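Just so it is clear, none of the values below were taken in a lab; they were calculated from the coordinates. Quick caveat: nothing in here was measured; it's all calculated off a predicted structure. So basically every Cβ, Gly included, is an ideal-geometry build from the backbone, and we count neighbours across all protein chains shown.
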């Protein structure tokens, strides 16, 4: 399989896995001190989107240092995050529709679009690792190349 076919297949698997409400731990840093919190994300066209508040610590840290990481289980991504503005900003209307649909059970219960500080954060991916159906995918989103290889997640979680 050519690398362009592998990259295309990896993008399709990303859509299947993450084009829905999916929780990740989001890591940011301020003054070289890391900070991690769980966020709901939605994947679309090589980016993750987060609905949040412009005055939150995560947004302040992203404005200071846009390099972020997203992880959960054995899924791991890094990228450049930015506050892309208010949901009602005309440039955000397409992604707003997708986010409302993905987060339908709670979007309007937990978000107030009349608040000028409500915002979307966009994470443009650089690198990532994920797996599905016994296949692992290591993706370089900048170069648009991917590797696919046999992978079984064998981590056992205990509580």
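Of 72, 48, which residue is within 25 Å of residue 147 (Cα to Cα) and either surrounded by 17 or more Cβ atoms within 10 Å (Cβ to Cβ) or touching a helix residue (DSSP H, G or I) at 6+ places or on another chain (Cβ under 9 Å) (or both)? I'd like the intermediate steps shown before the answer.
Numbers: 72 fails: either surrounded by 17 or more Cβ atoms within 10 Å (Cβ to Cβ) or touching a helix residue (DSSP H, G or I) at 6+ places or on another chain (Cβ under 9 Å) (or both).
The match here is 48.
From the list 143, 96, pick out the single residue that is outside any strand (DSSP E or B), under 21 Å from residue 80 (Cα atoms) and within 16 Å of the chain's Cα centre (by Cα). Walk me through it before giving the result.
Details: 143 fails: within 16 Å of the chain's Cα centre (by Cα).
Going through 143, 96 in turn, the sole match is 96.
Does the range 81-104 hold any residues that are surrounded by 15 or more Cβ atoms within 10 Å (Cβ to Cβ) and either over 17 Å from residue 42 (Cβ atoms) or without any contact (Cβ under 8 Å) to a residue 40 or more places away in the chain (or both), and which are they?
Scanning the range 81-104 gives 83, 84, 85, 86, 87, 92, 96, 100.
Of all residues in the range 128-149, which are out of contact with any strand residue (DSSP E or B) (no Cβ under 7 Å at 6 or more places or on another chain), free of Cβ contacts under 8 Å to residues at least 40 places away in the same chain and at negative phi? Write out each step before concluding.
The first filter runs over the range 128-149 and keeps only residues out of contact with any strand residue (DSSP E or B) (no Cβ under 7 Å at 6 or more places or on another chain), leaving 132-133, 143-145.
Filter again for free of Cβ contacts under 8 Å to residues at least 40 places away in the same chain, leaving 133, 143.
The answer is 143, and nothing else.
I'd like the full set of residues that are surrounded by 15 or more Cβ atoms within 10 Å (Cβ to Cβ) and in contact (Cβ under 8 Å) with a residue 60 or more places away in the chain, limited to the range 112-127. Lay out the reasoning, then the answer.
We begin by selecting, within the range 112-127, every residue surrounded by 15 or more Cβ atoms within 10 Å (Cβ to Cβ); these are 118-127.
Passing the criteria: 118, 119, 120, 121, 122, 123, 124, 125.
Quick check on my filter: what residues within the range 1-14 are farther than 13 Å from residue 128 by Cβ and either within 18 Å of the chain's Cα centre (by Cα) or surrounded by fewer than 15 Cβ atoms within 10 Å (Cβ to Cβ) (or both)? Break it down stepwise before answering.
Step one: filter the range 1-14 for residues farther than 13 Å from residue 128 by Cβ, giving 1-6, 8-9, 12.
Within the range 1-14, 1, 2, 3, 4, 5, 8, 12 qualify.
Being within 14 Å of the chain's Cα centre (by Cα) and either over 17 Å from residue 16 (Cα atoms) or touching a residue at least 40 places away in the same chain (Cβ under 8 Å) (or both) is the filter here; which residues of the range 42-57 pass it?
In the first step, residues of the range 42-57 are kept if they are within 14 Å of the chain's Cα centre (by Cα); the result is 42-52.
Selection gives 42, 44, 46, 47, 48, 49, 50, 51, 52.
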